[in-house]
Each structure stands twice: as C-alpha cells, then as structure tokens.
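Reading through the structure tokens given below for one structure.
Bear in mind these aren't lab numbers, they're just calculated from the coordinates by the rules spelled out. This one's a predicted model, so the numbers in the text were calculated from it and none came from an experiment. As a convention, Cβ positions derive from the backbone with ideal geometry for all residues, glycine included, and neighbour counts pool all protein chains shown.
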C-alpha cells in the first residue's frame, strides 16, 4: 500500500469523528452513568484525571487507527459503503480485544458492551468517512 495515495485530511476527520462520538457516547446523555458504575469509578475520580494526557493520547490513537483503516479502505472502487464494511470488520476485532481484556479484568458484560460497541461504531463511521472521501 502506498501511503502517498492516502487522503490525510480524511484521516484527520475520521479520527476526529471517533473522538467526537466518544464525547457523546460517554456523556450523561448516553452511557456515562452505566460506564462509571461498570468501571468502578466516580465522577470525581474521572475529573481528577490529567485531561491533556488522556485526550491527547486518545486522539493520537484515533489517528493511528484511522491511518491503518485508510490503508485497508484505499482502493479504486472504495466508497462509503465499502469503508463502513471495512470499519465493521475492524471494529469486530477491537470489540473482541476489549472483551478479552475486560473478561480477565472481571468487568461486567454491560461495560464490555458499552466500550466494545463504542469501538465498533466509531470504526464503522471512520471507515465510511475514509471510503467516501478517498
């Protein structure tokens, strides 16, 4: 795969989409309370975290994931549907990795579903963006 043929702006936008989805996914509007409970954390503990480190590292990892996903999506017939399909399969891999780690950490299936579904959906969206904007 030729990295020079990738759309780097699309990669950044795809990474931002995963980041933005996380803001909604882990907000009180959706799963914040269930996630806090499942993770064994309080809102106060989360607020004490180093925001620059957490959010900065998260964005870097989204850039890595978007870059790798772009390499799989990047071919002549790619479109949003193809990209979403690739994202779905990549998301299944990340969901499974989250499940494996969480099971050994004795986390609940509720937490596994919250975190794994977030990963799956963010990868589908990122893949769609990368496929549409190739």
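With R₀ set to 22 Å, the beta-carbon distance separating residue 59 from residue 106 gives a calculated FRET efficiency near 0.15. Distance from the alpha carbon centroid of the stretch 5-29 to that of the stretch 62-91 works out to 14 angstrom. Angle of helix 109-132 to the longest C-alpha principal axis of the chain, folded into 0 to 90 degrees and rounded to 10: 20°. Between the helical axis of 51-73 and the longest alpha-carbon principal axis of the chain there is an angle of about 30 degrees.
Principal-axis analysis of the Cα atoms of the chain puts helix 80-104 at an angle of about 30° to the longest axis.
For residue 80 and residue 97 in one chain, what is 0.36 nm times their gap in residues minus the Cα-Cα distance, to one decimal in nm? Before the final figure, lay out the partial values.
Details: separation 17, 0.36 × 17 = 6.12 nm, distance 2.52 nm.
Extra length available between residue 80 and residue 97 comes to 3.6 nm.
Here the sum of -39500 (n - 2.57) over DSSP H runs of 4 or more residues, divided by the residues of the chain, equals -26000 deg cm²/dmol at 222 nm, to the nearest 500.
Its relative contact order, with pairs defined as Cα atoms under 8 Å and 6+ residues apart, puts the chain at 40 percent.
Stretched out straight at 0.36 nm per residue, the stretch from residue 12 to residue 88 would grow longer than its current Cα-Cα span by 25.5 nm.
Which order results if 122, 17, 96 are arranged by neighbouring Cβ count within 10 Å, fewest first? List each step's numbers first, then the result.
On the way: 122 25, 17 18, 96 13.
Going from least to most buried by this count: 96, 17, 122.
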